[in-house]
Amino acid sequence: MKSRTDLSTQEIESIINDTEACHVAMVDAEGMPYVLPFNFGFREGRLYIHSGPEGKKIDVWRRNPNVCVAFSSDYKMRIQNEAVACSYSMRYRSVLIHGKVSQIDDLEEKKRVLNIIMAKYSGKDDFTYSLPALTNVNVFEIAIGKIEGRAYGY
């Protein structure tokens, strides 16, 4: 995994884990950008998302699995001089992950990944899943190729 950033691995992981939803950018069949928000799980340097069994995004990924995933957090207004409009800016922390989406079909692996995603939002990581629930959800790993990060104003 290559990294282009001045942030440490710990800072990058903190930004990712502090973000409530990531935004996955892709390019559709007409060459147009397409961006969607996702709940996600990130553990041991691996990024996972899930979705329903159908949709435009799945068609797009079958044609072109390359994606860029954006995470951002800690927005705060930064003011140098209250009377000067151009002195206002926004502090933030952000990470971009460039990678490729691949679908996970193995039911045991789906359970494991869904538990990682559930742990992010619930604090618990041991859930049960019915067979219909597992077969009616798509689970994906985004293989990380490059990471970029920035903290502005911090």
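Every number in this text was worked out from the coordinates using simple rules, so none of it is lab data. This is a predicted model, so every value here is computed, not measured. FYI the Cβ positions are ideal-geometry reconstructions off the backbone, even for glycines, and counts take in every protein chain you see.
Where the only charges are on Cβ atoms (+1 Lys, Arg; -1 Asp, Glu), what is the dipole of the chain about its Cα centre, to the nearest 20 debye?
Values: 20 positive and 20 negative charges, 56 e Å.
Dipole about the Cα centre, nearest 20: 260 debye.
Okay, helix-only estimate at 222 nm for the chain: each DSSP H run of n ≥ 4 adds -39500 (n - 2.57), divide by all residues, round to 500 deg cm²/dmol; what do you get? Write out the running numbers ahead of the final one.
Working: 4 runs with 39 residues, N = 154.
Only helices count here, giving -7500 deg cm²/dmol.
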(request) Pop the C-beta distance of Tyr152 and Tyr34 into the FRET formula with R0 = 30 Å and round what comes out to the nearest 0.05. (result) 0.65
(request) Place a +1 charge on the Cβ of each Lys and Arg in segment 1-66 and a -1 charge on the Cβ of each Asp and Glu, then give the dipole magnitude about the Cα centre in debye, rounded to the nearest 20. (result) 300
(request) Tell me the label-point distance for the pair Lys76, Ala25, using the 7 Å Cα-to-Cβ offset, in nm and rounded to one decimal. (result) 2.7
(request) Consider the candidate values [x] 0.95; [y] 0.93; [z] 1.04; state which one is Rg/Rh (Cα atoms, Kirkwood Rh) computed from the structure displayed. (result) [z]
(message) What are the membrane-span-like helices in the chain by this rule: whole DSSP H runs, Cα extent along the axis at least 18 Å, mean Kyte-Doolittle hydropathy at least -0.5?
(response) 107-122
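Report the calculated FRET efficiency for Thr9 and Leu131 (r = Cβ-Cβ distance, R0 = 41 Å), to the nearest 0.05. Write out the running numbers ahead of the final one.
Working: r = 38 Å, r/R0 = 0.93.
After rounding, the FRET efficiency stands at 0.60.
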(message) Along the charge dipole of the chain, pointing to its positive end and built from +1/-1 on Cβ of Lys, Arg, Asp and Glu, which listed residue (Phe38, Thr128, Gln80) has its Cα farthest out?
(response) Gln80
